[in-house]
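Everything on this sheet refers to the single structure shown next.
The values are calculated or read from the model by the stated rules, or taken from the named source; none is laboratory data. Remember, it's a predicted structure, so these values are computed and weren't measured experimentally. Here the Cβ positions follow ideal geometry from the backbone for every residue, glycine too, while neighbour counts run over all protein chains shown.
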C-alpha cells in the first residue's frame, strides 16, 4: 500500500468535513504530514517535517495562524472519537484506557480526556477533548543503515531508542522485512509481536505492510504473552517488538534470550542521559545478549545519532 492511499485511509476516520479536507490536499502535502492534532475549540494543527502548521479553509496548509484556520469543537471531537472506534466504543475500552486507538493501516490515535479511576487504575475515559492521529508510513530502506552495520554478517540482538516520532516503528518494520527476505542469503525465521497493530497493520488477518516472506505476525497480543507464544510455537530466530516498557515484558525477553533467540526491540529515550536512567534498559543489558543500543537522531527516519555498547550505559 503506497503512503498516499494510506494517508487517505487515515483521513477517512475523521469527521466528514475533515476527511473531505485532508483527502483533497495535494499529494505533496499529504506526504509531509506526520500527525493531525485536533483539540476542542482550537485550530486543526498538523505536524510536518517543518514543525506545526495549520489547516486553512483555502485548502492548503499554512504556518500562519489567522481567521482562515479551521477549528473543531467538542461535538466534532466526539463524532471523530466514535468513528475511530467503529461506533463501538466498548470494544476499544482497554486500548482507550491506555490512551490510544489503532485504526486500519496501523495509524494510532492518541486520546485525551477525563479519566475515571478505580484503585489507582484508569477504568474509563469520558469527555474526550483532544485527539492526535499519527500517520503510519511504510518506508522501505528505512533500516538500511542498521541492517548493514549490525546484521550483514549474522543475527544479533539490538535495542533501537529514540524520542517520540523519531521513526522507531518504521525502522523495526523495515528491519523485519529485510531480516526475513530470503533473497539476501539465509532465510531467517522472523516473528513480529505487534501489540498495537502498528508494525504489520494487520486488517482482516492480512498484514498491510511488507514484513518479508518468512515473517510470522502476532497482532494485539500483549508483548509478554506474545513472546512466550512465539517461543513455544514458532521457534523464531529473531523476535521484533516495539516499545518495551514493563517488567513483565522484560521477563519474557529474558526467557527468549535463555532459549537462544535474538531480539530487535525499541524504547523511548531522547538522549544518552535518558538511556542511562532507564531501569528497563539496564535490566535488558544485564542479560548480556544486547550488543548494541542504537539511538536514532529523529531528524531523518533511520538515521543513527550514536551507537552504544552495554559498557557505555551501565556504570
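Being over 17 Å from residue 8 (Cβ atoms), in contact with a helix residue (DSSP H, G or I) (Cβ under 8 Å, 6 or more places away or on another chain) and not assigned by TED's automatic domain parsing to the domain that holds residue 164: is that true of residue 61 here? Taking the combined requirement at face value, the residue does not satisfy it.
Just checking, does the range 291-311 include any residue being without any contact (Cβ under 8 Å) to a residue 40 or more places away in the chain and in a helix (DSSP H, G or I)? Yes, the range 291-311 contains at least one residue that is without any contact (Cβ under 8 Å) to a residue 40 or more places away in the chain and in a helix (DSSP H, G or I). In the range 99-126, the qualifying residues are those that are under 12 Å from the mean Cα position of the chain (by Cα) and assigned to a loop (DSSP other than H, G, I, E, B), and the one that is surrounded by the most Cβ atoms within 10 Å (Cβ to Cβ) is 106. Against the definition (at pLDDT 95 or above, out of contact with any helix residue (DSSP H, G or I) (no Cβ under 6 Å at 6 or more places or on another chain) and not in a strand (DSSP E or B)), how does residue 229 come out, yes or no? Spelling it out, residue 229 is indeed at pLDDT 95 or above, out of contact with any helix residue (DSSP H, G or I) (no Cβ under 6 Å at 6 or more places or on another chain) and not in a strand (DSSP E or B). Of the candidates 152, 136, the single residue that is out of contact with any strand residue (DSSP E or B) (no Cβ under 7 Å at 6 or more places or on another chain) and in a loop (DSSP other than H, G, I, E, B) is 152.
Only a single item in (1) within 19 Å of the chain's Cα centre (by Cα); (2) assigned to a loop (DSSP other than H, G, I, E, B); (3) in contact (Cβ under 8 Å) with a residue 40 or more places away in the chain is not met by residue 236, and it is number (1).
Just name the residue that is nearest to residue 264 (Cα to Cα) out of those in the range 201-211 that are in contact with a helix residue (DSSP H, G or I) (Cβ under 9 Å, 6 or more places away or on another chain) and surrounded by fewer than 22 Cβ atoms within 10 Å (Cβ to Cβ). Here the answer is 210.
Restricted to the range 1-81, the set of helices (runs of 4 or more DSSP H) holding at least 3 residues that are surrounded by 14 or more Cβ atoms within 10 Å (Cβ to Cβ) and either touching a strand residue (DSSP E or B) at 6+ places or on another chain (Cβ under 8 Å) or touching a residue at least 60 places away in the same chain (Cβ under 8 Å) (or both) comprises 3-11, 16-23. Of the set (1) on the phi > 0 side of the Ramachandran plot; (2) modelled with pLDDT of 90 or more; (3) more than 18 Å from the chain's Cα centre (by Cα), all apply to residue 141 but (3).
Picking from residues in the range 174-200 that are assigned to a helix (DSSP H, G or I) and more than 15 Å from the chain's Cα centre (by Cα), the one that is surrounded by the most Cβ atoms within 10 Å (Cβ to Cβ) is 179.
Does residue 93 qualify as being surrounded by fewer than 15 Cβ atoms within 10 Å (Cβ to Cβ), in contact with a helix residue (DSSP H, G or I) (Cβ under 8 Å, 6 or more places away or on another chain) and under 21 Å from residue 126 (Cβ atoms)? Explain how you work it out, then say what you get.
On the way: surrounded by fewer than 15 Cβ atoms within 10 Å (Cβ to Cβ): yes; in contact with a helix residue (DSSP H, G or I) (Cβ under 8 Å, 6 or more places away or on another chain): no; under 21 Å from residue 126 (Cβ atoms): yes.
No: the conditions fail for residue 93.
Looking only at the range 237-247, which residues are surrounded by fewer than 24 Cβ atoms within 10 Å (Cβ to Cβ) and in contact with a strand residue (DSSP E or B) (Cβ under 8 Å, 6 or more places away or on another chain)? Reasoning before the result, please.
Going residue by residue through the range 237-247, those that are surrounded by fewer than 24 Cβ atoms within 10 Å (Cβ to Cβ) are 237, 242-247.
The answer is 237, 242, 243, 244, 245.
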